[in-house]
Number of protein chains: 2
Amino acid sequence: MATICSVKFDIAEESVEVPAGTLLTTAAEKAGIEINQPCGGQGRCGQCAVQVTAGKVRRRSTMRLSQEIVEQGFALACQTIVEGDLTVIVPPQEMIQQHLTTGQSATDVSVPEGYDPHRDQTLSRVPMRLKPPSMEDQTSDWDRVQTTILGETGLGEVEISLEVLQKLPVVLREGKWQATAVLYAPDGFQTDGRAEVIDMLPGLMADDAPLWGAAVDIGTTTVKVMLVDLMSGEPKGQASEYNAQIARGEDVISRIIFASKGTGDQTLRELVLKTINELLRLASKRGKTRPEKIYHTVISGNSTMIHLLLQVPPSSIRLAPYITVANHIPVLRAREAGLNTCPTGKVTCLPGVASYVGSDITAGVLSSGMSETDKVTLFLDVGTNGEMVLGSREWLVTCACSAGPAFEGAGVLHGMRATTGAIDEVWINTDTWEASWRVIGGGKPKGLCGSALISLLAEMLMTGVINKSGRFDFTKDTNRIRKGSHGGEYVVSWAEETEIGEDIILTEVDIDNLMRAKAAIFAGFTVLGDSVGIPLESVEQVLIGGGFGQYINVEKAVQIGLLPDMPWERFQFLGNTSLKGAYLALLDHKNKAEISEIASKMTYIELSADNRFFDAFTSAMFLPHTDLSLFPSVEIKVDK
Amino acid sequence: MATICSVKFDIAEESVEVPAGTLLTTAAEKAGIEINQPCGGQGRCGQCAVQVTAGKVRRRSTMRLSQEIVEQGFALACQTIVEGDLTVIVPPQEMIQQHLTTGQSATDVSVPEGYDPHRDQTLSRVPMRLKPPSMEDQTSDWDRVQTTILGETGLGEVEISLEVLQKLPVVLREGKWQATAVLYAPDGFQTDGRAEVIDMLPGLMADDAPLWGAAVDIGTTTVKVMLVDLMSGEPKGQASEYNAQIARGEDVISRIIFASKGTGDQTLRELVLKTINELLRLASKRGKTRPEKIYHTVISGNSTMIHLLLQVPPSSIRLAPYITVANHIPVLRAREAGLNTCPTGKVTCLPGVASYVGSDITAGVLSSGMSETDKVTLFLDVGTNGEMVLGSREWLVTCACSAGPAFEGAGVLHGMRATTGAIDEVWINTDTWEASWRVIGGGKPKGLCGSALISLLAEMLMTGVINKSGRFDFTKDTNRIRKGSHGGEYVVSWAEETEIGEDIILTEVDIDNLMRAKAAIFAGFTVLGDSVGIPLESVEQVLIGGGFGQYINVEKAVQIGLLPDMPWERFQFLGNTSLKGAYLALLDHKNKAEISEIASKMTYIELSADNRFFDAFTSAMFLPHTDLSLFPSVEIKVDK
């Protein structure tokens, strides 16, 4: 019989009794308390943090909690086991947010030189001092406003939505016939052009008062929001968080399947909207405004994310011949899109190219500058899928390969995301095969993040721990190479050195997953190059977007054959190119048009229908490759 | 103590006990039964009809119930008093509808000669045999459809709403890549023009399959709906009903006041939508279709009705300087407007001119043909307000005067609407001052409708029962002229001759109300004519729209000075010109454009700011007028 423990939550009226070994979330449920678990209780999002003020618990994981607050008793309810009578405080969500380590740095953008809101923006404020109506001038409210706007702007036509019309008379009288119209013109404000009044505000505003917009990047795993003052073009607040859809599937395929069943599509829409709206709230708070003041939101994301956001059935993305319902989405009203910004404000979903090359890539190409350069450029965005684009100002060719989430730390026994406690770099001694490592945030290691996996694989290859096929050399005189329940394995850290109390190892199954991932990506490069007759060595620059590139060691990525073998100076890491692209499209309608242009210009190569891909994949299933002539710098060291 | 009666409703489990004298609706409420009372229990709509199968009741009114069904025990629950133990059947609403006399005849329209849906319509169906996608052709669903539509129609641009996009993939696959797109182009289908896909249907349809639209006339008192097959242009079903807003105020002013308090605006919107949606259902049933198949609805109505329908604050209409929020309403989606037609279908509210000259008048002017004629024309639409337009092809001038509802039978002691049981014509014997009359539907009279009031006033004047000031001549030797609680009065029918069991009389107060109404209208004519320097005798034709004209005797209307004195052949009664105008705008975008043209062309004269109006009104407060030279044909008879 298990010991019965009494758990008292501060916000519950009475204590509940649960057997020792019960999860805190289960105890909370019994007490009638709903604990927020956007990641579905996987210990990834940190939102379920509670404070244990008395009693004994065991923490399976403290991901996203700093050492400091763990010392104050904080614990992830979904990862914490009751081991005695407890007193628990359930803090307000606001407070939890402040304590979490995000593992996500803000995306750096700079306002483009010469940015001029009056020339570049799709939004404009028109201040109006109206003549009040009288018995001599019985013009209707809307005619009065319309005439003024046309006179002030030189536009040829201005429309108004019912919702703004409904508030118009109240606003005009509240402001005593001084009012400000907020206009939206999809192609900018041109003489004789067309615009829509998307809001009316009482009174006049300072010319340089902020005019708010937002850029949103919806990743399969992470959603990022950037609040921008469109008058200056400057970002004024950022926020990022796991996509709450994760609880319903880790990758796009499992989400598409979830969406196809019952009301799954609605559930997924609600989940991602919950994440986006919470981030809009946070970013607005940081920018000292409110989401309802945001008039234009530009969204980038892979095609599945965009379909799920808009509840457009995504099934055809998953099934041959793998097509989207739409790559070009009409501009929506915020209310229709489900965003908590100004309901009559606009939402632009940037255009994608195909099922697996979405607007995260088209926006990325724009922000990388590759569509403006004469240099032959390879653009790469590795997430759960690896998408890549080859080309220059003149032409663009693209493909996507299903790399799997190995480089994100998933599908690998001790894999984890690049957050506090993750090993991010490994070195193996050539003579003793002993390992040393670096941990993000210092402290004891909890697991291996993507860059550590690349590094480890390269070190094992270079030191002969594994051979070109990824098989262990059990003849080496070290207890770090051993046979385990998953076949051969290498011990990176011994249990006593770790935070998790068990050996951190890499198994043959893990190695196989990593090799498949890197082979898929390298095969993608090969097919892209082949399709336009350009050998990889002719590529003049490799631009790497997405979270993937931020921590990796290029030398080691080349050693395992993940990246092509070329001088380091040709590689550039650009960070979140998708969010940057959305930011640029938000600032300037010409950028938005350029992204459409990029989307129509790109030639998409469907790899699943391409035998060349299968051949290239098979050839790349060695470390670094069957054809070592492709990796001259690696060849030397292996032979050494 | 009142006798206690037991009332058993068939749909209630148990009998209820109520004192004799209780209304049936009160008894029903006690039994937990909700009886439908769209008119608010005023005995006007007939919707609360029930069947008393046993027991004694007293019917205060049986308006809208035929003699035949009253004999079967039918009674208006809101007008029927319990006088003994009862058994009552509450019939389904459907059945009630069939039994009611509407008092509203269908509006006659004929399809314009040469009507060609392909040239005139704003709607179009495009049948598509699509090539299914394949690994060689991974075009997205929407790109595939878009390209086909542009190819088939020659349009330059086609858009789609999110809602249609959401159903697109399902429709295409259900129809095995044969599908029909329904397009809307506000200005018709022109080469390089712009349209929107408002629906997608699986499979192909016969070219002449019906394509449904609806014309709606929202009157302050009555709402009319006409279902139209846009392929042939033919009306296929009509329905009309009291505007359920009546329960919250009889005229536009009281409704504006109601709308301004709390959630009154929402209540009024819901009430009129309930009426319109029920009529759309009925008309669709008659046309053997469903409201969701209706893709375009064109609405006409006075400015207050349009504001209330759209929940646009109407207060400024009522307060000086009497302006609308908007005379031109943007085209709406049905979902936004609240109609139960295809949610992505369109709703066009026709443009009005001013607070008291709405789209019922602009549509009326179009359908009357006055904007196409060289003849100097007076167009008149008398309802609770009297709106009038003077002009021709070249110019149009308009005004509105608050006549009050006297000619609709309201504000007059024994006034009633022109339905079964209403006296519609009265004759008084010159020598005996005895009255004879005609009753709509035969039977015993219940009251006096508008045409009877005009007729009675004229007869009283002509026979000297009253003088030019509307005062009774008590010296006449007849017991029909007497003094009552409202001052002088004339008995039209004695209690024993009537259905209501009391004398039907016209009092001095009634006469005063009628004189004010007719004076206001005639003063309107005077000011209109003065403002353009055209004497009334130069008017070449008088076109009368609305329900008002259908039963009136022109000779008698001239005798009391309501209509100008001119040869009868110059008068024409056109019926519901507002609904006809909406029908014409529904058929042809050129008509819609013409109505906009009419709206901008009309010069509006605000009478409340015009001293001429007050003078003209005062002069017209005699029968027929202070200036008898204006009424030469009347003058003779009075002097006789």
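Read-outs: derived from the displayed coordinates by stated rules, not from any lab. None of the values given here were measured: they were computed from a predicted structure. Here the Cβ positions follow ideal geometry from the backbone for every residue, glycine too, while neighbour counts run over all protein chains shown.
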In degrees rounded to 10, the 0-90 angle between helix B:264-286 Cα long axis and the longest Cα principal axis of chain B is 70 degrees
Describe numerically, in nm with one decimal, the distance between label points set 7 Å from Cα along Cα→Cβ at A:Asp473 and at B:Asn467. 13.2 nm
Using just the helices of chain B, give the 222 nm mean residue ellipticity in deg cm²/dmol: DSSP H runs with n ≥ 4 each add -39,500 (n - 2.57), and the total is spread over all residues, rounded to 500. -9000 deg cm²/dmol
If the chain between A:Asp143 and A:Ser538 were fully stretched, how many nm would it gain, using 0.36 nm times the residue separation less the Cα-Cα distance? 136.0 nm
Reachable lysines from B:Lys483, Cα under 20 Å, same-chain residues fewer than 8 places away excluded? B:Lys468
B:Asp530 paired with B:Leu413, simple spin-label distance in nm, labels 7 Å along Cα-to-beta-carbon: 3.5 nm
Using +1 at the C-beta of Lys and Arg and -1 at the C-beta of Asp and Glu, which of A:Pro169, A:Ala206, A:Gln190 has the Cα lying farthest in the positive direction of the dipole of segment A:159-217? A:Pro169
Amide H to amide H, which residues 5 or more places from A:Val298 or on other chains are under 5 Å from it, using H placed in the peptide plane? A:Ala214, A:Ala215, A:Val216, A:Thr348
For an R0 of 56 angstrom, estimate the FRET efficiency from the Cβ-Cβ distance between A:Asp108 and B:Lys375 and round to the nearest 0.05. 0.15
Rounded to the nearest 5, what % of the DSSP beta bridges within segment A:214-330 are antiparallel ones? 70 percent
Got the relative contact order for chain B handy, in percent, Cα pairs under 8 Å and 6 or more residues apart? 11 percent
Protection proxy ranking, peptides B:247-259, A:432-444, A:448-460, average beta carbon neighbours within 10 Å, highest first: A:448-460, B:247-259, A:432-444
Zone reached by a paramagnetic label modelled 7 Å from A:Glu174 Cα along Cα→Cβ, restricted to segment A:188-217 with backbone N below 18 Å, covers A:197-206, A:212
Could you work out the local net charge near A:Asp120, counting Lys and Arg as +1, Asp and Glu as -1, over the other residues with Cβ closer than 13 Å to its Cβ? -2
Pairs from A:Lys590/B:Lys590; A:Lys236/A:Lys346; A:Lys346/B:Lys261 whose Cα-Cα separation, in the structure shown, is over 26 Å: A:Lys590/B:Lys590; A:Lys346/B:Lys261
What distance in nm separates the simple spin-label points at B:Asp208 and B:Gln266, each placed 7 Å from Cα in the Cβ direction? 4.9 nm
Between A:Asp187 and B:Ile253, what FRET efficiency comes out of the Förster formula 1/(1 + (r/R0)^6) with R0 = 51 Å and r the beta carbon distance, rounded to 0.05? 0.65
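Can you give the average number of partner chain beta-carbon atoms within 10 Å of each beta-carbon in peptide A:159-167, as a whole number?
Per-residue shielding by partner chains comes out at 5.
Can you give the FRET efficiency to the nearest 0.05 for A:Ala320 and A:Lys285, using r as the Cβ-Cβ distance and R₀ = 45 Å?
That pair, A:Ala320 with A:Lys285, gives E of 0.50.
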Rounded to the nearest 5, what % of the DSSP beta bridges within the protein assembly as shown are antiparallel ones? 70 percent
Within chain A, the percent of DSSP beta bridges that are antiparallel, given to the nearest 5, stands at 70 percent
